[in-house]
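What follows is a single structure, written as structure tokens, with notes after it.
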Amino acid sequence: MVPRDGGIFAFFAFLALAAVLFWCYRKVKGGYKPYFRQIPALKGLEEAIGRAAEMGRPVHFTPGSDGFDSGTAGMTLAATICLAHIAKLCAQYDVRLLVSNRRPAVQPLTEEIVRQAFLAEGKLENFRPTDIRFFSDDQFAYASGVVGVISGEQTASNIMLGGFYAESLMFAEAGATYGNIQIAGTASTAQIPFFVTTCDYVLIGEELFAAAAVLSVDPAQVSTLMMQDIIRIALVCLIAIGALAATFGSDVIRQLILK
Amino acid sequence: MNTLIAIVGLVAGVPILLSSFAEIPVISDLAQEFQRWGIILAGFSTFLGVLNLTFVNANALRRRKHTGQVIEPVVVLVMLWGLVLTGVFFGQTHPAYDFVFENVLKPLSASGFSMLAFFIASAAYRAFRVRNVDAAILLVCGCLVMLANIPFGEQLWSDLPFVSDWIMRIINGSAMKGIVIGGAIGAIATALKVLVGVERSHLRG
């Protein structure tokens, strides 16, 4: 067994993470209610879908440009978790939901999520498999497809969650041009400014990952949010100690992380 | 069924996770094997994607309200299946395959990318309207950074590149690093939730 560079630290950090998660789970299960601030974008989801219901027009959703085989797969996963909630709301309000995919591997998953959500609400007859669309693996072919859906189907709301690249602004501008309520969420730092300038609500960075847990009342979900806060405080302390150590000429924290 | 999927996820995920910490012969081989299975599954899903594209466009063709709506789905179907059949029967080095790639796909992609300039201008106009204090700060910082990036910016004010660099490196950089760290913690938490089966909403809708 040969540890990889930084592997020992990563392994113990992972164990610590799991231990903190377990501790948080026990605490939440025991009745502890942690305080979480409201995320406006999540309130905006109901507003966006409600508006589409009032206007009798569809909602558009895209889980972004990433699949499940890259380092940014977490964003796609978080987007699909939120899709389950969005599809449920659409089924409740009898709103048509259009989903646009770039990665073929995401296509069957999104189709099944939407189908199950409509089935759970007893509205399977409203589910159309052809509303869950795969366009192309090519970035701008996919972008053209999404812009075509927003303009051609006259959508009332445009929800973009996941990993995005240069196409993000094309989607957001198309949605703004056609007067859509727009909700975006990504941890791609280069695309956040585009979304902030063009969308009504934005889930910035970790808010995308926290969204699923906030939407849930399940203790296991709530405990992961609590774990994220504890880990964040620990990381800030580690960064502060590292900065102090570096100021006094010591690279002890750097060496520890590289082990 | 969902429990079975969660178990499969756990069994496939743990070796891949362990192999990222250390090179353990059996575990690493297993992780590589699972990654190969992932590639095979991705191949199948590509086929499903092509079928979906065909059904959606065939549907659009069937439900057309006037003849103008025929062009788009016909072009997609002809190009899609034309390229698939050319690639399958004559290989990807066939001149027809190259012709479409070089003379259709590449120019269209370049056009798509170049359109971003117009979208950026329109988004900048919307963002730079001074409606509140935040928008005013954004406007001032944006103007300083843009001026520093044009050839005569430095001639207007010699310290402009320094100010721009300070805004990008200190203010923008620290905010971005905060977002990146938060995003990484969130991604790890999501992965952990899926791995241990706490998160199953993506399996049941």
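Read-outs throughout are calculated quantities, based only on the coordinates presented, and are distinct from any laboratory measurement. Source: prediction; values computed, not measured. Ideal geometry is used to build each Cβ from the backbone, glycine not excepted, and the neighbour counts take in all protein chains shown.
Below are the figures for this structure:
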read-out: Net charge of Cβ neighbours under 13 Å - reference A:Phe9; Lys, Arg +1; Asp, Glu -1; value: +2
read-out: In chain A, lysine pairs closer than 28 Å at Cα, eight or more apart or cross-chain; value: 8
read-out: Long-range HN-HN contacts of A:Gln182 with modeled amide H, under 5 Å; value: A:Asn158, A:Asp200, A:Tyr201
read-out: Principal axis box of segment B:128-196, alpha-carbon based, largest edge first, Å; value: 59, 27, 16
read-out: Interatomic Cα distance distribution for segment A:110-259, bins of 10 angstrom, percent; value: 9, 25, 29, 20, 11, 5, 1
read-out: Partner aspartates and glutamates for B:Lys65 [C-alpha distance under 17 Å; skip if fewer than 8 residues away on the same chain]; value: A:Glu153
read-out: Global geometry of the protein assembly as shown, whether rounded, prolate or oblate, following the gyration tensor of its Cα atoms and the 1.5 cut on a/c; value: rounded
read-out: Burial ranking of peptide ranges B:116-124, B:130-138 (average Cβ count within 10 Å, highest at the top); value: B:116-124, B:130-138
read-out: Global form of segment B:82-128, assessed from the alpha-carbon gyration tensor, a/c cut-off 1.5; value: prolate
read-out: Nonlocal amide H pairs with A:Ser70, under 5 Å, H built at 1.01 Å; value: none
read-out: Kirkwood Rh, Cα atoms: Rg over Rh of segment B:2-63; value: 1.26
read-out: Loop-resident sites, segment A:1-108, for trypsin sites (Lys or Arg not before Pro), counting at most 13 other Cβ within 10 Å (DSSP); value: A:Arg4, A:Arg37
read-out: GluC sites (Glu not before Pro) within segment B:17-107: DSSP coil, no more than 10 neighbouring Cβ in 10 Å; value: none
read-out: Percentage of interatomic Cα-Cα distances in segment B:54-173 larger than 16 Å; value: 77
read-out: Alpha-carbon spread of chain A, three principal axes, descending order, Å; value: 62, 44, 38
read-out: Residue exposure sequence - A:Val214, A:Val59 - by fewest surrounding Cβ within 10 Å; value: A:Val214, A:Val59
read-out: Farthest positive-ward along chain A dipole, Cα basis, beta-carbon charges - from A:Ile204, A:Ile8, A:Gly163; value: A:Ile8
read-out: Under 5 Å, built H, 5+ apart or other chain: amide partners of B:Ala22; value: A:Arg4
read-out: Number of partner chain Cβ atoms within 10 Å, mean per residue of B:48-59; value: 5
read-out: Table column - 3J(HN,Hα) (Hz), segment B:120-129, Karplus curve with 6.51, -1.76, 1.60, x for Gly and Pro; value: 5, 4, 5, 5, 5, 4, 5, 6, 8, 6
read-out: HN-Hα J in Hz across segment B:149-154 - Karplus 6.51, -1.76, 1.60, θ = phi - 60°, x for Gly and Pro; value: 8, 9, x, 8, x, 5
read-out: Other protein chain Cβ atoms within 10 Å, averaged over every residue that makes up A:123-129; value: 1
read-out: Dipole magnitude of segment B:128-196, debye to nearest 20 (Cβ charges: Lys/Arg +1, Asp/Glu -1, about Cα centre); value: 380
read-out: For chain B: span of alpha carbons on each principal axis (Å, largest first); value: 62, 57, 37
